[in-house]
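Working notes, beginning with the structure itself.
Read-outs: derived from the displayed coordinates by stated rules, not from any lab. In this text, all values refer to a predicted model and were calculated from it rather than measured experimentally. Here Cβ is always computed from backbone atoms with ideal geometry, including for glycine, and neighbour counts include all displayed protein chains.
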Amino acid sequence: MYNAIPLRKSSTTHYNVAGWNVYVNEKHVIAREAFLDWMRAGKPNRDALFDQMKRTRAVFKLSLRYCKNHLEEMKAAACANSLMDNDYQKFWSSVYKISNSKASGHVNCINGMSGSENITNMWRNYFENLYCVNVGSKYRSLFENKLISSSMETSNILFTVSDVISAVNKQKLSKAAGADAVHMEAFVYGSNRLYV
């Protein structure tokens, strides 16, 4: 099943904190230095180093909590800053990360089917019927009629299955669907029967 369904790995983990560089990083460095100074002094319980370590750690944790509580605002601010800096690649990358984080990694139910085995079989049957040569679907007849009625001269056009495979392999993924509402991933991860 996982060979047929395209997956995209995301580099975002629960360790990545939005706003870290702006609000937290400097406080983290100061708290870390105070902690190391306290460790080198032998971990005294009542000392100026102990008080400094506790105070800097509290400031660090407060800023970290602020970032976690205002996560959506931090993400929106990062998008706005990259747009203001005319860094469009970074802007669209952050928009993709924000929108993709709400997507579910696992689908529970599609068209009344549940379970990975049943969903896989449903899609297999759908595409077998869709691309089967023997099935006379209305879409096939519409396509053939459109080809016949077109004024383009097609007698000298010849392409092979290898040409189709080569053209499909050059396509980009994660783009919007075309007018037929079929995403390019359906062609790229399709089988050789689909190319034929």
Query - Sorted by Cβ density within 10 Å, fewest first, the residues M74, M53 - result: M74, M53
Report summary line: FRET efficiency (K43, N111; Cβ distance; R0 41 Å; to 0.05) is 0.10
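Taking the number of other C-beta atoms within 10 Å as the exposure measure, put W38, W20 in order starting with the fewest. Mind dumping the intermediate values first?
Working: W38 21, W20 15.
Starting with the residue having the fewest Cβ neighbours, the order is W20, W38.
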Report summary line: Here the net charge surrounding A34, from other residues whose Cβ is less than 15 Å away from its Cβ (Lys, Arg +1; Asp, Glu -1), is +3
Requested in this report: Amide H neighbours of M113 under 5 Å, at least 5 residues apart or on other chains, H built in the peptide plane: list them.
Outcome: none
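Provide F159, F187 in ascending order of the number of other Cβ atoms located within 10 Å of each residue's Cβ, fewest first.
Lowest count first: F159, F187.
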